[in-house]
Amino acid sequence: MRITRDTLLKLAKDTVAKRFVPDKNVIAVFLVGSLRPDDSQVDVAADVDLLVINNGEPMRDREIVKLSNEYHLDISFESNSKYAQARELRGDPWRGWAMWDPYLLHQKGRFFEYTQSIVRAQFDDPLNLLKRARYFSVPAREAWYEMQLNPASASPLKLLKAAYDAANALVSLNGAPITERRLLLEFPARAQSLGLPELIQPLFASVSTSVPATDIRQWLQAWEIAFQAAAQSPGDLRLHAARLSYYKSGIETLLDGDLPAAALWPMLYTWALTAENGSLNDSQVKSWGAACVEMGLSPKALPERLQALDSFLDGLEERLEQLTAENGL
């Protein structure tokens, strides 16, 4: 059976009709993420992102629902209290963009129209652009300081999270944040459009040394074994078993594309998550350690990654300071 956007959209609508429309505590449900645009193309494996707004605190933050080996629902639950101050959402890069142009699947009352109208007003004013950028830049710099001043606190996952925040701080100046699977793929074009191509190399260097596609392929099997082990008890739903094909197909597609180095990000980030999960055996830990050495994430090489991250953050902060001064903020 050929899976299309319409196929997945129908599955999402059916889920909403059965689970959420009858629930008196659900205020609204939206389709968000990469499937939202009408012209979106469905990958070999993909997730369907749903945002559920509850009246009061939801029982869970996130749920993964397997549809097939290749497709799953990724459902986020949030309290309506987080959307009560709609003006504040203009400075929130995740919730602000979620309300900018979602696909409304269900609502009670006029929650969506009211919230969206306020969010869209002055959304691109410099003050709100800077708020969204600093949402990411502040924790990125704080993480860098902590790792720099206390090297024992540094880890591959902490470094990669800081790099992810730093990259999204920059791209928040010209659009929505980049999702975790496509960070290094989409970042170069976004940096180019901001007139900052010189920040592309420092970001890539903060994630890893230059690694050929053949080496990335070499580690794919060990990564998959680690993911499967962590998926047995995933405290972090990013490591849910239903997401294995989603990540693996994305990595393989990137390796076959024009920028194979972009495949490093989803593999390294999820592999680092598995290492923190605590479910890897000695052999799997050894494989992860060997990959860290080869890809420049070992304790010995982390200072080089921190230096590259510092260079990126310096360039980012210069741009933010420039925008602040130009707009008298």
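Structural remarks
- Of all positions in region 32-42, at least one carries a residue that is aliphatic (A, V, I, L, M), under 30 Å from residue 138 (Cβ atoms) and outside any loop (DSSP other than H, G, I, E, B).
- Selection from region 257-284 of residues that are part of a loop (DSSP other than H, G, I, E, B) and over 18 Å from residue 188 (Cβ atoms): 278, 279, 280, 281
- Close pairs from region 166-186: first without any contact (Cβ under 8 Å) to a residue 12 or more places away in the chain and in the same structural domain as residue 92 (by TED's automatic domain parsing), partner surrounded by 23 or more Cβ atoms within 10 Å (Cβ to Cβ) and not in a helix (DSSP H, G or I), Cβ under 8 Å, at least 6 apart: none
- Long-range neighbours under 9 Å by Cβ, at least six apart or interchain, first residue in the same structural domain as residue 213 (by TED's automatic domain parsing) within region 288-306, second surrounded by fewer than 14 Cβ atoms within 10 Å (Cβ to Cβ) and among the basic types (Lys, Arg): 293/300
- Count of residues meeting criterion [more than 12 Å from residue 306 (Cβ to Cβ) and free of Cβ contacts under 8 Å to residues at least 40 places away in the same chain] in region 140-160: 2
- Some residue of region 245-252 being in contact with a strand residue (DSSP E or B) (Cβ under 7 Å, 6 or more places away or on another chain), assigned to a helix (DSSP H, G or I), buried (at least 16 other Cβ atoms within 10 Å of the Cβ) and not assigned by TED's automatic domain parsing to the domain that holds residue 99: yes
- Selected residue [under 19 Å from residue 231 (Cβ atoms) and either of a type in the set (S, T, N, Q) or modelled with pLDDT under 90 (or both)] from 68, 40: 68
- Whenever a residue of region 307-329 is modelled with pLDDT of 95 or more, its partners that are not in a helix (DSSP H, G or I), lying with C-beta atoms within less than 9 angstrom and at least six residues away or across chains, give the pairs 315/196; 316/196; 319/173; 319/194; 319/196; 320/173; 323/173; 323/329.
The values are calculated or read from the model by the stated rules, or taken from the named source; none is laboratory data. These figures come from a predicted structure and were not determined experimentally. Cβ atoms come from the backbone with ideal geometry, glycine included; neighbour counts cover every protein chain shown.
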